[in-house]
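Input: a single structure, listed below in structure tokens.
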Amino acid sequence: MPMHWPEDLTSTALSGRMPPGPWPDERWSTLFRQARVAGLLGRVAAQLDESGRAGPAAAARHAEAALRVCRAQQDEICREIRFIQHALAGLGAPVVLLKGAAYVMAGLPAAQGRVFSDIDIMVPKAVLAQAESMLMLGGWMTTHHTAYDQRYYRQWMHELPPMEHVQRSTVLDVHHTILPETARLRPDPHKLFEASEAVPGQTGLRMLCAPDMVLHSMTHLFMNDDMNHALRDLSDLDLLLRHFARDAQFWTQLVERAALLDLRRPLFYGLRYTARLLGTPVAPQASAALRSAAPGAALLKLMDAIWLRALRSPHPATAPAGRAAALGALYVRGHWLRMPPLLLARHLTIKALRRHEGETPPEPETPH
């Protein structure tokens, strides 16, 4: 990383590469400010606690408070999942927990110090309408009520419009696959469901198998347009890879599943940047097997310049030159990877009109 870039202490702490010896109070304060803005204060606190690294008394109080918030929120997630189990008990189809909900319920290290904005589940598309009706009876109601938003989600996306509970205000995202149906990469959702595994100790709940869990996390990050939680997602990947790599067969299975699901490029990026930024140990045979999935040399150099700027704490003090341009490029790229040109042009035009005029334009015709 260029020497003139501001130091990202959050990444330093997450990677376990904090230099030994005491830090001045101001340095601890900077670390906690950067981590808080990135939504990673709880995780940094958990890593410090696990490593036995203690800061000054004020830092210790902030770390303990962050851990208490994480524990309380994860207790709330567990309660909410029980409500979801009850609401979907008669669905007669697999209910797969995704991302953070799966990490918590399976007791994975990626749950350490993690905070949540919603719960993600996945059900087969054939029962999507039935699942929505059952959840509505349980108190969850759809959001994004405009005709265009409803059509956008239901016709083109990989999930229903977010659902919010009328009493508890918890937000639930109900997926039927992991990428929009208009995306350039189209992993077969049937293969995801077939390889899914029961959540230990939970009735009627499943989670993606280990390689698919990693691939979904990588796909969510490296094909997305929203980088608000990019460093958190990268940290999730780091913890998942370190945990699952204890199985000697994991790396072979991961590369094979990426090929089967048409996700080799996101896997290439995921392994490259977790290793570079967080020091994640990556098996040499996995890196070698993915060389053919890499972009050309010129494009890879450009993507390095973009991703190494984007995958940092969003705190203003960590921003290197060109970060805003990098985030803008990823916003456009994320949409480009998820939508064909005609739909993309219409969608961005509608969003621009809403933003600048405060109006709801008429919904577009169906693209062909």
Practice item. Would you check which residues across the range 9-31 are in a helix (DSSP H, G or I) and of a type in the set (D, E, K, R) and list them? Key: D25, E26, R27
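Which one is modelled with the highest pLDDT, of the residues in the range 198-215 that are more than 14 Å from L261 (Cβ to Cβ) and either out of contact with any strand residue (DSSP E or B) (no Cβ under 7 Å at 6 or more places or on another chain) or not aliphatic (A, V, I, L, M) (or both)? Break it down stepwise before answering.
So the first thing to find is which residues in the range 198-215 are more than 14 Å from L261 (Cβ to Cβ), and the list is 198-207.
Pick out the ones that are also either out of contact with any strand residue (DSSP E or B) (no Cβ under 7 Å at 6 or more places or on another chain) or not aliphatic (A, V, I, L, M) (or both) and you get 200-204, 206.
Details: P200: 92, G201: 90, Q202: 90, T203: 88, G204: 90, R206: 97.
Per the stated criteria, the residue is R206.
Pick out the one residue from V174, V115 that is crowded, with 21+ Cβ neighbours inside 10 Å and either within 23 Å of R232 (Cα to Cα) or polar (S, T, N, Q) (or both). I'd like the intermediate steps shown before the answer.
On the way: V115 fails: crowded, with 21+ Cβ neighbours inside 10 Å.
None of the others qualify; the one that does is V174.
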Review point. Among (1) of a type outside the set (S, T, Y); (2) part of a loop (DSSP other than H, G, I, E, B); (3) in contact with a Leu (Cβ under 9 Å, 6 or more places away or on another chain), which single condition is N228 missing?
Key: (3)
Exercise for review: Read through the list (1) free of Cβ contacts under 8 Å to residues at least 12 places away in the same chain; (2) surrounded by 16 or more Cβ atoms within 10 Å (Cβ to Cβ), then give the number of the only condition that G296 fails.
Suggested key: (2)
Check your understanding: Has the range 112-127 got at least one residue that is within 26 Å of A93 (Cβ to Cβ), touching a residue at least 12 places away in the same chain (Cβ under 8 Å), assigned to a helix (DSSP H, G or I) and touching a His at 6+ places or on another chain (Cβ under 7 Å)?
Key -> yes
Point to revise | Tally, over the range 179-221, of residues that are farther than 16 Å from Y269 by Cβ, of a type in the set (A, V, I, L, M) and outside any helix (DSSP H, G or I) | key: 5
Practice item. Determine, yes or no, whether A65 is of a type in the set (A, V, I, L, M, F, W, C), free of Cβ contacts under 8 Å to residues at least 40 places away in the same chain, assigned to a loop (DSSP other than H, G, I, E, B) and surrounded by fewer than 19 Cβ atoms within 10 Å (Cβ to Cβ). Key: no
**Study point:** Matching residues in the range 1-38 - criterion: being under 24 Å from V104 (Cβ atoms) and either surrounded by fewer than 20 Cβ atoms within 10 Å (Cβ to Cβ) or of a type in the set (D, E) (or both)
**Key:** S15, G16, R36, V37
Check your understanding: Do we have any residue at all in the range 190-197 that's buried (at least 23 other Cβ atoms within 10 Å of the Cβ) and touching a strand residue (DSSP E or B) at 6+ places or on another chain (Cβ under 6 Å)?
Key -> no
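Could you tell me which of the residues Y148, Y152 is crowded, with 19+ Cβ neighbours inside 10 Å, touching a residue at least 40 places away in the same chain (Cβ under 8 Å) and in a helix (DSSP H, G or I)?
Details: Y148 fails: crowded, with 19+ Cβ neighbours inside 10 Å.
Checking each option against the conditions leaves just Y152.
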Practice item. Output the residue which, of all residues in the range 7-57 that are at pLDDT below 90 and touching a Phe, Trp or Tyr at 6+ places or on another chain (Cβ under 8 Å), is nearest to R114 (Cα to Cα). Key: G55
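Yes/no per residue for (1) buried (at least 18 other Cβ atoms within 10 Å of the Cβ); (2) out of contact with any Asp or Glu (no Cβ under 9 Å at 6 or more places or on another chain):
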{"site": "Q85", "(1), (2)": "no, yes"}
{"site": "G90", "(1), (2)": "no, yes"}
{"site": "V95", "(1), (2)": "yes, yes"}
{"site": "G100", "(1), (2)": "yes, no"}
{"site": "V104", "(1), (2)": "yes, yes"}
{"site": "A110", "(1), (2)": "yes, no"}
{"site": "I121", "(1), (2)": "yes, no"}
Revision key, fill the gap. In the range 74-96, anything in contact (Cβ under 8 Å) with a residue 60 or more places away in the chain and among the charged types (D, E, K, R) is listed as E76, E80
Exercise for review: For the range 245-266, name all the residues that are of a type outside the set (D, E, K, R) and touching a helix residue (DSSP H, G or I) at 6+ places or on another chain (Cβ under 6 Å).
Suggested key: F250, W251, Q253, L254, V255, A258, L263, P266
Revision key, fill the gap. Over the range 346-368, the set of residues at pLDDT below 75 and within 25 Å of I306 (Cβ to Cβ) is H347, L348, K351, A352, R355
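Based on what the data block shows, is L215 touching an Asp or Glu at 6+ places or on another chain (Cβ under 9 Å) and either buried (at least 24 other Cβ atoms within 10 Å of the Cβ) or within 13 Å of K99 (Cα to Cα) (or both)? Quick ask: steps written out before the conclusion?
Working: touching an Asp or Glu at 6+ places or on another chain (Cβ under 9 Å): no; either buried (at least 24 other Cβ atoms within 10 Å of the Cβ) or within 13 Å of K99 (Cα to Cα) (or both): yes.
Here the answer is no, as L215 does not meet what is asked.
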Point to revise | Hey, A248 closer than 16 Å to A210 by Cα, part of a loop (DSSP other than H, G, I, E, B) and of a type outside the set (D, E) or not | key: yes
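The values are calculated or read from the model by the stated rules, or taken from the named source; none is laboratory data. It should be emphasised that the depicted structure is a prediction, and the values quoted were computed from it without experimental measurement. So basically every Cβ, Gly included, is an ideal-geometry build from the backbone, and we count neighbours across all protein chains shown.
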